[in-house]
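Structure first, then comments.
The values are calculated or read from the model by the stated rules, or taken from the named source; none is laboratory data. If you're wondering where the values come from, they're calculated on a predicted model, not measured in any experiment. In this analysis, Cβ positions are derived from the backbone assuming ideal geometry, glycine residues included, and neighbour counts consider all displayed protein chains.
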Amino acid sequence: MNQFILQGRNSNLIFKNKILNASGCWCTTKKELKDLENSNCGGIVSKSCLFEKYEGNPQPRIYLSENVSLNSVGLANEGFKFYDSLKFSKPYIISIGVKDIELTFQMLKIIKHDFIELNISCPNINKPILGYDPDSLDDFLERLFLICDKNIGLKLPPYFDNSLLEKIANIINKYPLTYICCVNGIPNGLILDKNFNNVIKPNDGIGGIGGSYIKPFGLANVKKFNRLVKCPIIGCGGIKNKKDIEEYFSVGASLVQIGTELMIKGPKIFDELF
Ligand code: DHB
């Protein structure tokens with residue numbers, strides 16, 4: 001059986017297979033989310049949403065190539081009430097972009113859906129990345145679990161410093177988190193075309209890096225967190241094929257998410273992977 005049961009605090013999610021989309025990839029509009037429902041993915045994660053609908057950054061804002069992607073979408077989304085109003089025939093997790101902490105608490109008070117992925121690692125919000133600030137993260141989670149009985153997953157940035165990773169792991173273990181997802185894109189990447197021009201328009205061409213280039217960091221982060229945290233881990237970063245998925249499982253991932261390769265091939269990618 002390829003099934004996985006994600007145990008929440010009051011309810012569980014039953015995944016028929018262990019392969020999900022990564023938040024941000026093919027999951028912003030109702031049509032894209034329906035495409036995922038009709039595909040062979042085991043579960044759906046929404047685009048990271050904000051309180052209000054937002055257009056995001058100017059186009060072109062995503063660059064895709066065989067081994068690397070670059071994006072600065074800027075949290076284009078339909079507003080959290082839209083994502084909360086949808087229902088699907090497979091597990092559905094709503095991702096919230098933690099851009100403004102007070103507005104995040106507002107959303108968590110109103111939202112009806114039970115499983116939430118908090119994106120504390122968006123590289124494109126022009127604010128400090130919460131996942132890189134252990135003291136602020138600890139304060140945030142302490143406040144959150146005083147008011148919230150939802151099932152909360154955290155989308156983490158990649159860590160390149162062991163002492164920071166260990167600090168974050170200790171914080172994660174203080175709270176009843178349902179899962180962590182490692183890793184989001186690597187912030188602050190720049191890709192130039194053959195004429196030395198930016199390939200995306202926002203932020204001087206600088207954004208989050210995904211694709212095969214980041215798989216070694218995703219694998220190492222999952223391996224290290226797996227030794228340190230109690231909750232399940234979703235592996236993400238540079239998955240293109242079944243072997244990549246097996247690598248993530250071998251270092252301790254319970255589920256995986258597909259980002260860049262889903263953007264390139266569309267939801268039929270799940271036919272090849274599951
Ligand atoms: C965006 C990019 C990300 O990598 C992410 O995790 C969240 C949001 C964006 O620019 O919309």
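So the values come out like this:
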| read-out | value |
| --- | --- |
| The one condition in (1) among the β-branched types (V, I, T); (2) modelled with pLDDT of 95 or more; (3) within 16 Å of the ligand (Cβ to nearest atom) that I111 fails to fulfil | (3) |
| From Y83, Y63, residue being in a helix (DSSP H, G or I), touching a residue at least 12 places away in the same chain (Cβ under 8 Å), more than 12 Å from the ligand (Cβ to nearest atom) and buried (at least 16 other Cβ atoms within 10 Å of the Cβ) | Y83 |
| Considering residues of region 86-98 that are within 16 Å of E117 (Cβ to Cβ) and in a loop (DSSP other than H, G, I, E, B) only, the residue nearest to the ligand (Cβ to nearest atom) | V98 |
| Scan of region 126-159 for residues that are under 23 Å from S46 (Cβ atoms) and among the hydrophobic types (A, V, I, L, M, F, W, C), ordered by number | I129, L130, L137, F140, L141, L144, F145, I147, C148, I152, L154, L156 |
| Selection status of N188, part of a loop (DSSP other than H, G, I, E, B) and either out of contact with any Gly (no Cβ under 7 Å at 6 or more places or on another chain) or at pLDDT below 95 (or both) | no |
| Filter result for the condition that a residue is charged (D, E, K, R) and either within 18 Å of the chain's Cα centre (by Cα) or modelled with pLDDT under 95 (or both), over K215, K194, K201 | K215 |
| Pairs, first closer than 11 Å to V183 by Cβ in region 198-224, second of a type in the set (D, E, K, R), C-beta under 7 Å, six or more apart | K215/D244; L219/E247 |
| Candidates G218, G208, filtered to the one that is assigned to a strand (DSSP E or B) and either under 25 Å from R9 (Cα atoms) or within 16 Å of the ligand (Cβ to nearest atom) (or both) | G208 |
| Residue tally, condition in contact with a helix residue (DSSP H, G or I) (Cβ under 9 Å, 6 or more places away or on another chain) and within 15 Å of the ligand (Cβ to nearest atom), over region 123-155 | 8 |
| Some residue of region 32-41 being away from the ligand (no atom under 13 Å from the Cβ), at pLDDT 95 or above and assigned to a strand (DSSP E or B) | no |
| E55 among the acidic types (D, E), more than 10 Å from the ligand (Cβ to nearest atom), more than 20 Å from D204 (Cβ to Cβ) and over 15 Å from the mean Cα position of the chain (by Cα) | no |
| Restricting region 178-191 to residues that are more than 9 Å from the ligand (Cβ to nearest atom) and under 15 Å from S65 (Cβ atoms), the residue that is surrounded by the fewest Cβ atoms within 10 Å (Cβ to Cβ) | L190 |
| Tabulated pairs, region 106-130, first closer than 16 Å to I206 by Cα, second at pLDDT below 95, C-beta under 8 angstrom, 6+ apart or interchain | I129/C122; I129/P123 |
| Residue in region 196-203 that is part of a strand (DSSP E or B) and under 17 Å from S121 (Cα atoms) present | no |
| Complete set of residues in region 66-79 that are in a strand (DSSP E or B) and either more than 7 Å from the ligand (Cβ to nearest atom) or farther than 16 Å from L190 by Cα (or both) | S69, L70, N77 |
| Exclusive hit being of a type outside the set (V, I, T) and farther than 17 Å from L64 by Cβ, set K201, K194, K242 | K242 |
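Yes/no matrix, rows are residues, columns are (1) assigned to a helix (DSSP H, G or I); (2) modelled with pLDDT under 95; (3) crowded, with 22+ Cβ neighbours inside 10 Å:
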site: I125; (1), (2), (3): no, yes, no
site: D135; (1), (2), (3): yes, no, no
site: L154; (1), (2), (3): no, no, yes
site: S163; (1), (2), (3): yes, no, no
site: I171; (1), (2), (3): yes, no, no
